[in-house]
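Reading through the structure tokens given below for one structure.
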Amino acid sequence: MSEQVKVAVTGAGYFAQFQYEAWTRIPEVALVGCANRTIAKAEECAAKYSIPAAFADVDDMLANTKPDILDIITPPETHLDAIKIAARHGVDVICQKPYCPTISEAEEATRIARSAGISVVIHENFRFQPWYREARKILTSGALGTLYQITFRLRPGDGQGPEAYLARQPYFQAMPRFLVHETAIHLIDTFRFLFGEIESVTAALRKLNPVIAGEDAGIILFEFKSGARGLFDGNRLVDHKAKNHRLTMGELLIEGSGGSLRMDGDANLFLRKMGEYDEHPVAYTWHDHAFGGDCVYELQRSVIANRLSRKDYENLAEDYLRNITVEEAVYESQATGRRISL
């Protein structure tokens with residue numbers, strides 16, 4: 001029998017369904033407990049996913065189930081306290097993004113975890129979407145030559161009218177920082193995954209839907225350490241050509257001296273060599289399951305595989321802090337009208 005990793009989960013909101021379901025498909029994982037401040041929701045999850053115990057309190061759950069990993073799927077304002085509890089119990093953490101409401105809280109959570117000798121992996125699943133894993137293989141192969149620019153047009157089309165976001169994630173309407181803090185942070189991490197470190201940002205953000213508190217559209221220019229540029233062009237009110245607007249949430253273009261790589265809204269990749277007219281489809285395998293090409297499963301599968309092989313986890317909190325620093329620079333650029341160096 002293979003080694004079992006015991007996982008406890010806190011949270012039972014909209015997105016939690018993808019994480020619970022993914023855990024049930026990893027044979028080396030035993031779900032030992034779930035917690036939620038509304039115990040009825042925890043009991044509902046326990047019944048649905050065959051989890052032996054439900055709790056209203058995270059501390060109580062960890063004391064009774066003694067897991068190897070705590071998966072935190074609760075709102076950002078709860079993350080610091082949950083990580084403090086996990087640190088007391090010596091339990092590794094997977095923490096949903098946004099990591100914490102502020103960079104100071106994120107830094108404190110990271111220090112606490114380090115002092116306790118536990119690891120915190122940020123559940124940043126875009127980099128585990130199969131089209132970005134394939135894009136990284138292509139870039140690493142040198143097929144595009146010297147990289148010049150990466151562009152992503154975010155167009156989920158879910159932000160119009162007074163009912164925007166209410167059916168799925170109603171707290172979106174009340175977030176004072178929205179497009180960048182909640183959504184573009186995914187692409188900040190993905191851009192770093194594909195192009196390396198970001199050295200400066202210039203941002204122009206705006207609010208188009210008056211019923212929400214934060215920004216819902218904006219353009220951000222990134223300058224990378226390599227000299228390449230990145231462009232994030234986001235607008236949650238308009239959509240793009242796609243069978244499912246939430247699959248890729250937009251369109252990607254990567255350009256280099258040797259050609260270009262394009263991704264459409266249906267996750268098709270196309271490679272065009274410099275000087276040629278025709279694009280060539282890139283054949284790769286992915287599963288149209290759950291959210292974003294089953295990226296939640298791929299992230300969790302990576303955590304378990306690395307734990308069992310005694311390898312370092314991918315996307316640890318120490319590295320993820322750089323994403324939050326970039327995010328803060330974006331908001332500073334918007335507030336000051338200046339290019340911000342990191």
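The values are calculated or read from the model by the stated rules, or taken from the named source; none is laboratory data. In this text the structure is predicted, and so the values were computed from the model without any measurement. Cβ placement follows ideal geometry from the backbone for every residue including glycine, while neighbour counts extend to all protein chains displayed. Just so you know, the surface numbers come from the protein's heavy atoms only, side chains and all, with ligands and any DNA or RNA stripped out. Shrake-Rupley method; radii C 1.70, N 1.55, O 1.52, S 1.80 Å.
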Whole-Hz ³J(HN,Hα) for each residue in the range 54-60, computed from phi via Karplus 6.51 cos²θ - 1.76 cosθ + 1.60 with θ = phi - 60°, x for glycine and proline: what do you get?
10, 9, 9, 9, 5, 4, 4
If you place +1 on the Cβ of every Lys and Arg, -1 on the Cβ of every Asp and Glu, and leave all else neutral, what size is the dipole of the chain about its Cα centre, to the nearest 20 Debye?
340 debye
Mind listing the Cα extents of the range 1-77 along all three principal axes, in Å, largest one first?
36, 25, 24
Compactness ratio of the range 152-269: Cα Rg over 2.2 N^0.38 Å, N = residue count?
1.10
Say each of residue 246 and residue 143 gets a label point 7 Å from the Cα, pointing the same way as Cα to Cβ; how far apart are those two points in nm?
3.0 nm
How much length is gained on full extension from residue 266 to residue 253, taking 0.36 nm per residue of separation minus their Cα-Cα distance?
3.3 nm
Cα gyration tensor shape for the range 1-136, rounded if a/c is under 1.5, else prolate or oblate:
rounded
Please work out the C-alpha center-to-center distance from the range 8-48 to the range 287-342 and express it in whole Å.
22 Å
Each residue of the range 181-194 in turn: what ³J(HN,Hα) in whole Hz from Karplus with 6.51, -1.76, 1.60 and θ = phi - 60°, glycine and Pro shown as x?
5, 8, 10, 5, 4, 4, 7, 4, 5, 5, 4, 5, 4, 8
Within the range 98-136, the residues whose backbone N lies under 20 Å from a label point placed 7 Å from the Cα of residue 274 along the Cα-to-Cβ direction are 136
Could you look at the range 292-342 and say what percent of its accessible area is carbon and sulfur, using a 1.4 Å probe and all protein chains?
44 percent
If you roll a 1.4 Å probe over the range 159-288 with all protein chains in place, what percent of the accessible area is carbon or sulfur?
53 percent
Per DSSP H run of at least 4 residues, take -39500 (n - 2.57); add these up for the chain, divide by its residues and hand me the 222 nm value, nearest 500 deg cm²/dmol.
-10000 deg cm²/dmol
Which angle from 0 to 90°, rounded to the nearest 10, does the C-alpha axis of helix 317-336 make with the longest principal axis of the chain?
50 degrees
Report the accessible area of residue 202, computed with a 1.4 Å probe over the heavy atoms of all protein chains in place, in Å² rounded to the nearest 10.
50 Å²
Enumerate the lysines that residue 225 could reach by cross-link, defined here as Cα to Cα under 21 Å, with residues fewer than 8 away along the same chain left out.
137
Using amide H atoms built 1.01 Å from N in the peptide plane, name the residues 5+ places from residue 175, or on other chains, whose amide H lies under 5 Å from its own.
213, 214
How large is ³J(HN,Hα), in whole Hz, for each residue of the range 7-24 in order, when computed from phi with the Karplus curve 6.51 cos²θ - 1.76 cosθ + 1.60 and θ = phi - 60°, using x for Gly and Pro?
10, 10, 10, 10, x, 8, x, 4, 6, 4, 4, 5, 6, 4, 4, 5, 4, 5
Between 171, 152, 183, whose Cα lies farthest towards the positive end of the dipole of the range 132-196 when Lys and Arg beta carbons carry +1 and Asp and Glu beta carbons carry -1, centred on the Cα centre?
152
Could you tell me what a quarter of the Cα convex hull surface of the range 82-175 works out to, in nm² with one decimal place?
9.6 nm²
Which values of log₁₀ I(q)/I(0), to two decimal places, follow from the Debye formula for the range 130-220 at q = 0.19 Å⁻¹ with a uniform point scatterer at every Cα?
-0.93
Dimensionless Rg/Rh of the chain, both radii on Cα and Rh by Kirkwood, sits at 0.97
Distance in nm between residue 332 and residue 114 label points, each 7 Å along Cα→Cβ, equals 2.0 nm
Given backbone amide H placed at 1.01 Å from N, residues whose amide H is under 5 Å from that of residue 123, ignoring those fewer than 5 places away on the same chain, are 95, 96, 97
Ignoring ligands and nucleic acids, residue 120 exposes an accessible area, probe 1.4 Å, in Å² to the nearest 10, of 10 Å²
Computed over all unlike Cα pairs, the Kirkwood hydrodynamic radius of the range 127-173 in Å stands at 13.9 Å
What is the spread of the Cα atoms of the range 194-342 along each of their three principal axes, largest first, in whole Å?
47, 44, 38
Under a 5 Å amide H to amide H cut-off, with H placed in plane at 1.01 Å, what residues pair with residue 238 once short-range neighbours are removed?
157
Kindly report the accessible area of the chain per residue (heavy atoms of protein chains, probe 1.4 Å, no ligands, DNA or RNA), in Å².
43 Å²
Beyond a 26 Å Cα-Cα separation, which of these cross-linked pairs lie in this structure: 273/311; 6/97; 97/311; 48/97; 6/243?
273/311; 6/243
